[in-house]
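The values are calculated or read from the model by the stated rules, or taken from the named source; none is laboratory data. All of these numbers come straight from a predicted model, not from anything done at the bench. As a convention, Cβ positions derive from the backbone with ideal geometry for all residues, glycine included, and neighbour counts pool all protein chains shown.
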Amino acid sequence: MQLIERHTESLDWLTLLFVGCIVVYGLTKYLFPRRFQEFIALPLSNKYFLVQGRNEEIQHPFNMLLFVTQIISFSVFIYLVTKTAIPDEIATNKWIFVQIISGYTFFILTKYFVEKIIGTVFSMDSLINRYLYQKLSYRNLIAILVLVANLFFVYVFAPSLTLLLIFAVLLLVLNCIALFYSYKTNGKLILGNFFYFILYLCALEISPYIIIYKALT
């Protein structure tokens, strides 16, 4: 009989992250039940923006709690893609997840503050705040789907790189749909300043992702 060493990967840290996200969702629903209910109904109704989100309070505790879960959910998904695509990097770099979550947070916050500065410079604070609030809300909602998918990918079956990329494309499509609805809400203003809108779209919504893609490849 030949003894074969069995290598097992500890998932304790992922479990703690998932439990933490679920606890944050439960706490958010407990503290803001009506707001959370209207937030979940965003795909069916725009009531959340008309009632609970009418003041575009980006720094509201409700948004900050959900933003934390967004960071964790997307970072775990990026980690799973990295683990599947380049497993050697995971084996040699014990701090890869810390780097991913730090990079994701830095990217989102930098993009946010740049857009805020542009809004201040061009005296469009109200418009930019509304747009950032809508974008944050939609991405927080998409993060719930990402969290559920991560649970399946970690505990139910090991996904292939193709499946992960298909899911990534799905997330990209959902994000584009969310942006479309946001642009549709501000349609009249966009048409009146179409040239500036195209510049903004290219500079802050498309080019950052192209730069990240080039850096990774």
What do you reckon, is F49 surrounded by 14 or more Cβ atoms within 10 Å (Cβ to Cβ), under 18 Å from L145 (Cβ atoms) and at pLDDT 75 or above?
-> no
Could you check T105 against (1) within 13 Å of the chain's Cα centre (by Cα); (2) surrounded by 19 or more Cβ atoms within 10 Å (Cβ to Cβ) and say which number it fails?
-> (2)
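Yes/no matrix, rows are residues, columns are (1) under 23 Å from Y181 (Cα atoms); (2) at pLDDT 90 or above:
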position: T92; (1), (2): no, no
position: M124; (1), (2): yes, no
position: L127; (1), (2): yes, no
position: K135; (1), (2): yes, no
position: R139; (1), (2): yes, yes
position: I144; (1), (2): yes, yes
Can you tell me which residues in the range 71-92 are part of a helix (DSSP H, G or I) and either over 17 Å from V146 (Cα atoms) or among the polar types (S, T, N, Q) (or both)?
-> S73, S75, T82, T84, A85, P87, D88, E89, I90, A91, T92
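For (1) at positive phi; (2) part of a loop (DSSP other than H, G, I, E, B); (3) of a type in the set (K, R), each residue gets a yes or a no:
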{"residue": "M64", "(1), (2), (3)": "no, no, no"}
{"residue": "T69", "(1), (2), (3)": "no, no, no"}
{"residue": "K94", "(1), (2), (3)": "no, yes, yes"}
{"residue": "F107", "(1), (2), (3)": "no, no, no"}
{"residue": "K111", "(1), (2), (3)": "no, no, yes"}
{"residue": "I128", "(1), (2), (3)": "no, no, no"}
Taking Y104, is it within 20 Å of L172 (Cα to Cα) and in contact with a Ser or Thr (Cβ under 7 Å, 6 or more places away or on another chain)?
-> yes
Note on the range 167-202: residues of a type in the set (V, I, T) and either under 19 Å from I118 (Cα atoms) or modelled with pLDDT under 70 (or both) are I190, I198
What is the residue count in the range 112-169 for residues that are acidic (D, E) and buried (at least 17 other Cβ atoms within 10 Å of the Cβ)?
-> 1
Return the pairs, sorted by first residue and then second, in which the second residue is modelled with pLDDT of 75 or more and hydroxyl-bearing (S, T, Y), the first residue lies in the range 42-55 and is closer than 13 Å to Y138 by Cβ and assigned to a loop (DSSP other than H, G, I, E, B), the beta carbons are less than 8 Å apart, and the residues are 6+ apart or on different chains.
-> L42/Y48; L42/S137; L42/Y138; G53/Y133; G53/S137
